[in-house]
Amino acid sequence: MKNTFSRIAIYLNCLVLAACLAACAGDPLQSGLDPFAPMVFKEGTTAMPLNPPNQKTLVPFYVSQRTVFKFAVDTDSILIGADGVTRYIVVITNPSGGQQAQYEGVRCDSFQWRLYGTYESTGWKENPLGSWKNIQSDIPNRYQASLAQGAFCNFNSQEKNIKNIQSSLNPNGFIGGQKPTNSNGIQ
């Protein structure tokens, strides 16, 4: 009989302990620990590149029929950030041959881009007022949209494999500047 009471006491103690632990956990919606809640974006630190764009690793990519500029990305400069930002150097060439190099970042989760700085004859100049802007898909010089859709993003998530990005940038197979097609391949 004494064993029965001791077993009941152990079971009751375990039940009380389980109830206390459950009470401490609380409701995740009230405690702010909801695992399904959207994460708040926190950008990591961004250091400006040390070197100018490497002419040997510039890969041109198609943007649209309406643009008069030419665009190329320095594949050596592509950094896949743990913060969800893919950073890169883009070189923009105007019709008369003048070039401008920019250091930028793309966020796939929000489809936004940011200008970190530009390259001048003396080196990289940081853009202190740079902020995240929405990527626009309906303008002639939509190169951020082309890079995001054609190489840097898998729908709304960041491509994490640099080899996949470099393969996607292949000029013969780049799809970033093309209109979406239906399942029959018709635009």
Among Y88, Y143, Y103, whose Cα lies farthest out toward the positive end of the dipole of segment 55-168, if unit charges sit on the beta carbon of Lys, Arg (+1) and Asp, Glu (-1)?
-> Y143
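Expressed in nm to one decimal, what extension gain is obtained for the pair T45 and E126 from 0.36 nm per residue of sequence separation less their Cα-Cα distance? Intermediate values should be presented prior to the final figure.
Working: separation 81, 0.36 × 81 = 29.16 nm, distance 1.31 nm.
Gain on stretching T45 to E126: 27.9 nm.
So how much slack lies between L79 and S110, counting 0.36 nm per residue of separation and subtracting their Cα-Cα distance, in nm?
Values: separation 31, 0.36 × 31 = 11.16 nm, distance 1.81 nm.
Extra length from L79 to S110 when fully extended: 9.3 nm.
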Here segment 140-153 yields Karplus 3J(HN,Hα) values (6.51, -1.76, 1.60; θ = phi - 60°; whole Hz; Gly and Pro given as x) of x, 9, 8, 5, 5, 5, 4, 5, 5, 6, x, 8, 7, 10
Label model pair T93, D138: point-to-point distance (7 angstrom along the Cα→beta-carbon line) in nm is 3.1 nm
Using the C-alpha atoms of segment 55-168, what convex hull volume per residue, in cubic angstrom, is computed?
-> 111 Å³
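Counting other beta carbons within 10 Å of each Cβ, put L169, L147, L50, L115 in order, fewest first. Write out the running numbers ahead of the final one.
On the way: L169 21, L147 29, L50 7, L115 18.
Exposure proxy ranking, most exposed first: L50, L115, L169, L147.
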When the Karplus curve 6.51 cos²θ - 1.76 cosθ + 1.60 is applied with θ = phi - 60°, which whole-Hz ³J(HN,Hα) does each residue of segment 99-107 get, with x for Gly and Pro?
-> 10, 9, 10, 10, 9, 9, x, 10, 10
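Quick check: residue separation of K56 and K160 times 0.36 nm, minus the Cα distance between them. What number comes out in nm? Intermediate values should be presented prior to the final figure.
On the way: separation 104, 0.36 × 104 = 37.44 nm, distance 2.37 nm.
Here the answer is 35.1 nm.
Sorting V63, V90, V68, V40 on the 10 Å Cβ count, fewest up front, what's the list? Walk me through the intermediate numbers first.
Values: V63 24, V90 21, V68 9, V40 5.
So the residues, fewest neighbours to most, are V40, V68, V90, V63.
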Output ³J(HN,Hα) for segment 117-126: one whole-Hz value per residue in order, computed from phi by the Karplus curve 6.51 cos²θ - 1.76 cosθ + 1.60 with θ = phi - 60°, and x for Gly and Pro.
-> x, 10, 9, 10, 4, 8, x, 6, 10, 5
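Where a number appears in this text, it was derived from the coordinates with a stated rule and is not lab data. Computed from a prediction, not measured in an experiment: that's the story for all the values here. Note that each Cβ is placed from the backbone with ideal geometry, even for glycine, and that neighbours are counted across all protein chains shown.
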